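The next block holds one structure in the form of structure tokens; read it before the comments.
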Amino acid sequence: MSRLRWKLLQAAAGSCIPPREELGAPPGAGSGSPPLRRADLPAPGRGLGSARPRRAARRSAPVRQCRGRGDRAQRFRLSASFFLLLAMAAPRDAEIRKDVQNYYGQVLKKSADLQTSACVTAARLVPKHIREALTNVHEEVALRYYGCGLVIPECLENCWILDLGSGSGRDCYVLSQLVGETGHVTGIDMTENQVEVAKKYIEYHMEKYGFQTPNVTFLHGYIENLEETGIKNESYDIVISNCVINLVPDKQAVLQEAYRVLKHGGELYFSDVYASLELPEEIRTHRILWGECLGGALYWKDLAILAQKIGFCTPRLVTANLITVQNEELERVIGDCRFVSATFRLFKLPKTGPAERCQVTYNGGIIGHEKELIFDANFTFKEGEVVEVDEETAAILKNSRFAHNFLIRPVGEKLPARSGCSALESKWLYPENIWKRREIKPEESFSSREGKWHS
């Protein structure tokens, strides 16, 4: 029996709830931290960084009394309540999983069946080589595509890529062509119908690409538990995901698994849906809104908190698009909450020595980005142009697959070594004013690099 279960049994027998550190608090939590209680944990979809001091104070009072001279019956009632809350979490998550599987396996037959624009990729300029790769995807695979962004990063030759929530396999087949026959793409999805559609066309696509050996694999499994499907530590260069993480109640588990399977220098490049505020219960329990990628949307500020906790570098925004809900009934449920689909890149870097600012020069040569590489909302690198970058950006370029595409020279004095990646405020760019636009056109998108909207 695990130590955690033993402590919970002690609690049921009348002892107090065990201290936070005994329940496996995150590294860095001091011994003086308050005990971890279920009542203090955010519900799925709630904000991780939002302090609720009044509510916490009211709920913590019975626990303090339990530690004093409170009677045994009161301690037992408290322990029983704690057990009940723990027991309720698993069925709730299982119910959401079942609803999502049904929505994508039975209800939706094609992207036109969607009731909002959340799972629709906004129009944007796409490099020629990606456009050509998209035209090679089989029609049935393309019709069952429900992504909210373009998750095709740069510099893909020979890479090993994992797609979390691969669905019918559209992104996997595009990527399998771009990585080449010596690269490999693995797609994993929990909906069997979608996996069956993806597998059905492996031979079709390999023949179209002229590959002798298939370089794509599709697995049925859960993205919050990749180890269950045999995916090993540090086995992929890139992990992608397209409007899927919001469908999973335990988003931290998904990000932790992505971090585990990435090689050092690898990145999680993903599009997902984010909410302008902490979602109320009515939205978080609405089955259609969950299926439409809104009910499980993460409060946008929480992504940086989760990334830092797990060990990723600061999230780097690539694009953001405001979501429209063209359904009066759903609009009434949503109320004042606003949603965006956004693409971020999160890098996993080795814990190296002192970090330093650098001058970098893009050498060009990346397919589809020969003259200009739009790296994120902050940095666009033009061939032959010298750009001064911060410590974190320099570390990413030095330690990732982009290293051979840049000439990197240190400038300025060295800074103290950091444990992991720094949370640089300048790199966590999310346009606050994106939430303030009430009237937009579906084809509009926001460029935080330029600070304006595009049609």
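The values are calculated or read from the model by the stated rules, or taken from the named source; none is laboratory data. Nothing here was measured: the structure is a model prediction, and the numbers come from that model. Note: ideal-geometry Cβ built from the backbone for every residue, glycine included; neighbour counts use all protein chains shown.
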Q) For Phe347, are the conditions met, namely being aromatic (Phe, Trp, Tyr), in contact (Cβ under 8 Å) with a residue 24 or more places away in the chain and under 16 Å from Ala275 (Cβ atoms)? A) no
Q. Is there a residue being at positive phi and assigned to a loop (DSSP other than H, G, I, E, B) anywhere in segment 241-249?
A. yes
**Q.** For Arg284: the one exception among (1) within 29 Å of Ala403 (Cα to Cα); (2) surrounded by 17 or more Cβ atoms within 10 Å (Cβ to Cβ); (3) of a type in the set (Lys, Arg)
**A.** (1)
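Give the residues of segment 358-367 that are of a type outside the set (S, T, N, Q) and surrounded by fewer than 18 Cβ atoms within 10 Å (Cβ to Cβ), sorted by residue number.
First, pick out the residues of segment 358-367 that are of a type outside the set (S, T, N, Q): 358, 360, 362, 364-367.
Of everything in segment 358-367, those that are of a type outside the set (S, T, N, Q) and surrounded by fewer than 18 Cβ atoms within 10 Å (Cβ to Cβ) turn out to be Gly364, Gly365, Ile367.
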(Q) If I filter segment 374-389 down to residues being of a type outside the set (D, E, K, R) and either touching a helix residue (DSSP H, G or I) at 6+ places or on another chain (Cβ under 7 Å) or in a strand (DSSP E or B) (or both), which single residue comes out as surrounded by the most Cβ atoms within 10 Å (Cβ to Cβ)? (A) Phe381
Q | Within segment 159-217, helices (runs of 4 or more DSSP H) holding 3 or more residues that are of a type in the set (Ser, Thr, Tyr) and not assigned by TED's automatic domain parsing to the domain that holds Thr229 | A | none
(Q) Name the single residue that is nearest to the chain's Cα centre (by Cα) among those in segment 291-305 being surrounded by 24 or more Cβ atoms within 10 Å (Cβ to Cβ) and closer than 13 Å to Cys243 by Cα. (A) Ala297
Q: State which residue is nearest to Ala342 (Cα to Cα) when the search covers only segment 194-221 and only residues that are touching a residue at least 60 places away in the same chain (Cβ under 8 Å) and surrounded by 16 or more Cβ atoms within 10 Å (Cβ to Cβ).
A: Gln194
